[in-house]
């Protein structure tokens, strides 16, 4: 109930505050560091509009989705998840990150009065019920790409040359390598992503293509310029701290244990001269379901990087090598 009341009051505030911002108002880019959940591993981006004279301090957030949406998981698998632009008081937005001990970095945009007003009006317009929903895409249209394109349009307008930045970052890096930075090498998340990512994930990223992750956008804007000036007037930023995975939680250890277990079963089968078909079913059925899922995602979904790759052979090859103890008796 409290959330509903706060949101209602915010909507009233936005409708009343869609007037000209005061001279001392500012708009900044907020970059939130990674969380524990897989969907939060890549951080988050939002835009803050602060005008103390009008008692306005609101955060616009393009990362809102609802698990209770009808057929949510089916739509998620198909890549047809609809996200929306949310708006909340700054203190409310920050509370969650403080509770989770996730630092939030801020970059104040170097906007003149006309640009600041244009961006503010654009955000309010985007927040209207008929405009706030969009078809989310992890790589091409997400919580980081939307703010970037809005900022870039405000600064550069119809200028064909646009903005530029000395920041190299992930220029020329592949999608797979770049994403792996946020799912530490050896983690089970890294293993799962590598299983379902196909050859498209090994394409190199250039220019704006690499700005779909919040940290990359943050460092890009830190050095971005237009023909006239820097895009950021002040900032407090730092690299994301990605915690390494302990050896006992790595998929390497998991696959090694799996290999040893299948070897022991093969030795047992060799001794009794009988094949354990139950083991094949226990392993084969989940793997078949994985292949069906990858097939569906490849040919019938909107997920851009999913596809068949050699890494899908890791599980059957490990199993086959362990079974050679029985096969080559």
> When residues of the stretch 184-207 are filtered for being in a helix (DSSP H, G or I) and closer than 12 Å to residue 169 by Cβ, how many remain?
Replying inline: 1
> residue 146 versus (1) in contact with a strand residue (DSSP E or B) (Cβ under 6 Å, 6 or more places away or on another chain); (2) in contact (Cβ under 8 Å) with a residue 60 or more places away in the chain; (3) assigned to a loop (DSSP other than H, G, I, E, B): which is the lone unmet condition?
Replying inline: (3)
> How many residues does the stretch 39-54 contain that are closer than 20 Å to residue 213 by Cβ and loosely packed, with under 15 Cβ neighbours inside 10 Å?
Replying inline: 1
> Before we move on, is residue 210 assigned by TED's automatic domain parsing to the domain that holds residue 110, in a helix (DSSP H, G or I) and free of Cβ contacts under 8 Å to residues at least 60 places away in the same chain?
Replying inline: yes
> Cβ-Cβ below 6 Å, separation at least six or inter-chain, first residue in the stretch 25-43 and on the phi > 0 side of the Ramachandran plot, second in a loop (DSSP other than H, G, I, E, B): which pairs?
Replying inline: 43/33; 43/34
>> Of everything in the stretch 139-153, what is surrounded by fewer than 21 Cβ atoms within 10 Å (Cβ to Cβ) and over 15 Å from the mean Cα position of the chain (by Cα)? Give them in sequence order.
In response: 149, 150, 152, 153
> Can you spot a residue in the stretch 81-91 that is surrounded by fewer than 16 Cβ atoms within 10 Å (Cβ to Cβ), in contact with a helix residue (DSSP H, G or I) (Cβ under 8 Å, 6 or more places away or on another chain), modelled with pLDDT under 95 and not in a loop (DSSP other than H, G, I, E, B)?
Replying inline: yes
> Of all residues in the stretch 232-286, which are part of a loop (DSSP other than H, G, I, E, B) and under 21 Å from residue 324 (Cα atoms)?
Replying inline: 273, 274, 275, 276
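The values are calculated or read from the model by the stated rules, or taken from the named source; none is laboratory data. Just so we're clear, the structure is a prediction, and the values are computed from it rather than from any experiment. Counting neighbours? That spans all protein chains shown, and the Cβs are built from the backbone with ideal geometry, glycine included.
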